[in-house]
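The values are calculated or read from the model by the stated rules, or taken from the named source; none is laboratory data. Predicted model, so just to flag it, every value in this text is computed and none were measured. Note that we place each Cβ from the backbone using ideal geometry, even for glycine, and neighbour counts take in every protein chain shown. Just the protein is used for accessible areas: all its heavy atoms, side chains included, with ligands, DNA and RNA removed. Shrake-Rupley method; radii C 1.70, N 1.55, O 1.52, S 1.80 Å.
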Amino acid sequence: MDPTTAPSDTLATQPHVIVERDGVRYTLLGTAHVSRASVDAVREAIATGAYDHVAVELDAARAQALVEPEAMAKLDLVEVIRTGRTAMFAANLALAAYQRRLAEQLGIEPGAELKQAVIDARESGVPVSLIDRDVGLTFRRAAASLTWWQRIKLGSGLAVSLVANEEVPEDEIEKLKEGDMLESSFAEFASHSPQLYETVIAERDRYMAAGLRDAGASETRPTNVLAVVGAGHLAGLSRELESQTGDPASVRSALEATATKRKIPWFTIVITALLLGGVVWGFRHGGMALASGVLVQWFVATALLAGLGALLAGGHPLSVLAGAVVAPFKPFRPAIPAGAVSALVEARLRKPTYADFISLREDVRTLGGWYRNRVARTLLVFILTNFGTMAGEWIAIARIVGKLSG
């Protein structure tokens, strides 16, 4: 393309909004995440040479996954488990599985236009800013805004998406043509939850607006910024970019914060109170022997079912043992779930290989692949050990409540 081609000519047929603020001209190019036309529009816009900065609706992890597909192989799974990011890893995996299904169905990689924007800008020597919030933080803030039952539905929905092979419904594809990958991923839940919509869309509009303002105030002092974002963000992002006040870094920091969990969650308080109540009841009605019997029931139920969960996940014998040993102490150490301990042991004893990470997305499509792939199996150990622990707690508490009410 002739480098003198006017940007306005290139974008004439594309949804876009231009916002001028603080001496910077921001051109917000709205794209469809499953459209070859959007890829071509991005390439043509950057090729004009009119922009001295390119901003993209991606976070660092998603950008790396798109531009460097083998980057996941460098991930330290032990560190992910140790730092409590297993659920975030699972959410990213579910999103990747959803994108894979779309790619197979439509013949184009979802987010290809975002990937192309990063590649072309770098090849042209134009600075690139990744302005979206980390998907793990978005998932965590979204989950925090939901009720306990809604979180269960969200988690189960993401789990199902890991192994689902059916075609993506046409209405979801149409939403992607209009807008946002995460919104489509959470579509079933966002339609019934204003809180989820606020976190997945509105908060990210504010976050990306602050990111654009940061880009405009960078050391290179750009004057003409091209922002490549999903079409669904155009209205909200342009509105935020025009009216947002406050320091951009402070805005982003506030939108990255997650609610600090109480040291002892209410559910743990109830479980602990019932357990101790059972012990006291046993002591008053049968002395130390009966009180000890209540504790034994608790230890056996939680240890046995946690160990069974790890065993069903195909865990190493020591992973099974670790989960069984830790599970009974959950009410007294709520910050350390049995599943995390069991998965940590599993990851250390059966360290995932480069091949496991490379084949992960393909392997999780089948039940056998979950057990064959060491990354997937470690995740399965984490999930089933925690489910086993929870089941054991309910069984033990049900017996204790039965005695207390009798």
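I'd like the distance between the alpha-carbon centres of segment 343-406 and segment 212-238, rounded to an integer number of Å.
So the separation of the two Cα centres works out to 42 Å.
Calculate, axis by axis, the spread of Cα positions in segment 286-395 along the three principal axes, and write the results as whole Å, longest axis first.
Ordered largest first, segment 286-395 gives principal extents of 58, 22, 22 Å.
Going from most exposed to least, what order do Met208, Met390, Met288 have by accessible area with a 1.4 Å probe?
Listed by decreasing accessible area, they come as Met288, Met390, Met208.
At a probe radius of 1.4 Å, what is the per-residue accessible area of Lys115, in Å² to the nearest 10?
Here the residue's solvent-accessible area equals roughly 50 Å².
Sort 17-27, 40-50 by packing, meaning the average of other beta carbons within 10 Å per residue, with the highest value first.
Descending mean neighbour count gives 40-50, 17-27.
Multiplying the sequence separation of Thr258 and Leu349 by 0.36 nm and subtracting their Cα-Cα distance, what value in nm do you get?
Working it through step by step, the gained length comes to 29.5 nm.
Mind giving me the nanometre distance, one decimal, between the label points for Val300 and Thr147, set 7 Å out from Cα along Cα→Cβ?
Those two pseudo-labels are separated by 3.7 nm.
For Arg239 and Val280 in one chain, what is 0.36 nm times their gap in residues minus the Cα-Cα distance, to one decimal in nm?
8.7 nm
Expressed in nm to one decimal, what extension gain is obtained for the pair Ala12 and Asp76 from 0.36 nm per residue of sequence separation less their Cα-Cα distance?
Computed gain between Ala12 and Asp76 is 18.5 nm.
How much net charge surrounds Glu242 when only other residues with a Cβ under 15 Å from its Cβ are counted (Lys, Arg +1; Asp, Glu -1)?
Neighbourhood net charge equals +1.
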